[in-house]
Amino acid sequence: MQPVLADLLHLLKLERIEDNIFRGESRDIGSPRVYGGQVLGQALSAAACTVEDREVHSLHAYFLRAGDVEADIVYNVDRARDGRSFSNRRVVAIQHGRQIFNMTASFQKPEEGLEHQAKMPDVPPPDNLEDIRDMTAAVLDMIPEKMHRYYTHERPFEVRPVQPIALLTPEKAEPRQIFWFKAVDVLPDDPEIHRSLLAYVSDYQLVATSTLPHGIRFEKDSLQLASLDHAMWFHRPFRIDDWLLYSMDSPNACEARGLARGEIYTRDGVLVASTAQEGLIRIWSEGAG
């Protein structure tokens, strides 16, 4: 397995301190704080460790404080309920003695029921698209240093955007973006690993969709983006080492907050998960104030 993916699996495999208390490491991926998807994935791993014979079907989380990439994170799991069909868990993430994140997750015994789903967008297949690292290589010397580390960081996922990325000359566009992604190597068959990894990657670029109608120029505008909350629903089985399509849109932005939604499909059009997120969006233009 490629080292960057093996390290991510290690990151999501938490140390059990007590029956309901776990500890996870942090990683610097080129951003000034802990990547929100890391905390989502680790919190889901912690909750899943306290549940048997049930699969997560939803999670709802709040990001309370920026995480320190130099410090471990402790996850405290509250076994809120174990019913006949559903189990509920509440997870609190702590760094330096303070809560930085909390999440509620619900697990269900496998059960058959009614079936319908949205149709996958009609987009080019991943084989016809460039990876994000190839798309940005030509402009790396021209983007701000704070963005340079983020775009050159080695990633555990291949990411192939459907729309071109205009880092230097963004134009106002519809609040919608779509990309294909998959793990860079073959993964074990354990479905919990694939679900935790999907939670990890589900935070990537989601709230940034809310900035697209505004043509923000990163070299002139100082932009503060931060996830405030995150919701996710798991619908059907999938493998994250096969291509998945992430289709995102933003129906609203106001009062320094943007709302974004996402749908995740397999290559053959099966809807496997849905997401929603509200994030903080603050902009200080050059010369303002």
Starting from the Cα of Glu70, step 7 Å toward the Cβ, then list every residue of the range 1-40 with an amide N under 18 Å from that point. 25-35
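Does the range 1-145 classify as rounded, prolate or oblate by the C-alpha gyration tensor (a ≥ b ≥ c root eigenvalues; a/c under 1.5 gives rounded; else a/b over b/c gives prolate, otherwise oblate)? Each step should come with its number before you reach the end.
Numbers: a/c = 2.27, a/b = 1.23, b/c = 1.84.
The shape class here is oblate.
Ser87: net charge of surrounding residues, Cβ under 11 Å, Lys/Arg +1, Asp/Glu -1, itself excluded? Walk me through the numbers on the way to the answer.
Details: positive: Arg54, Arg79, Arg81, Arg84, Arg89, Lys109; negative: Glu52, Asp53, Glu55, Asp82.
Here the charged neighbours net out to +2.
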Two-site label geometry, His10 and Glu174: point separation in nm, points 7 Å out along Cα→Cβ: 4.4
Burial ranking of peptide ranges 89-99, 243-253 (average Cβ count within 10 Å, highest at the top): 243-253, 89-99
Derived scalar couplings ³J(HN,Hα) [the range 115-121; Karplus, 6.51 cos²θ - 1.76 cosθ + 1.60; whole Hz; x for Gly, Pro]: 9, 7, 7, 5, 8, 5, x
Once amide H atoms are built 1.01 Å from N in the peptide plane, which residues 5 or more positions from Ala226, or in another chain, come under 5 Å H to H? Leu280
Can you give the calculated 222 nm mean residue ellipticity of the chain, where each DSSP H run of n ≥ 4 adds -39,500 (n - 2.57) and the sum is split over every residue, rounded to the nearest 500 deg cm²/dmol? -5000 deg cm²/dmol
Work out from phi, with θ = phi - 60° and the Karplus expression 6.51 cos²θ - 1.76 cosθ + 1.60, the ³J(HN,Hα) of each residue of the range 69-82, listed in order in whole Hz, and give x for Gly and Pro. 5, 8, 10, 5, 10, 9, 10, 9, 9, 9, 7, 5, 7, 10
Rg(Cα) / (2.2 N^0.38 Å) computed for the chain, rounded to two decimals: 0.99
In nm, give the distance between the simple-model label positions of Arg282 and Val123, each being 7 Å from the Cα along the Cα-to-Cβ direction. 3.1
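Given the peptides 19-29, 230-240, 111-121, 190-200, arrange them by the average over their residues of other C-beta atoms within 10 Å, most packed first. Intermediate results must be reported in sequence, preceding the final value.
Numbers: 19-29: 16.8, 230-240: 19.3, 111-121: 8.7, 190-200: 21.5.
Result, highest mean first: 190-200, 230-240, 19-29, 111-121.
Grab the other residues whose beta carbon is less than 11 angstrom from that of Glu263, score K and R as +1, D and E as -1, and report the net. Don't jump to the answer; show the numbers that get you there.
On the way: positive: Lys119, Arg261; negative: Asp249.
Neighbour charge sum, excluding Glu263 itself: +1.
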Using the Cβ atoms and a cut-off under 14 Å, what net charge is assigned to the surroundings of Glu18, where Lys and Arg are +1 and Asp and Glu are -1? 0
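Laboratory data are not the source of any read-out in this text; all were calculated from the coordinates shown. Here the structure is a predicted model, which means the values were calculated and not measured. Counting neighbours? That spans all protein chains shown, and the Cβs are built from the backbone with ideal geometry, glycine included.
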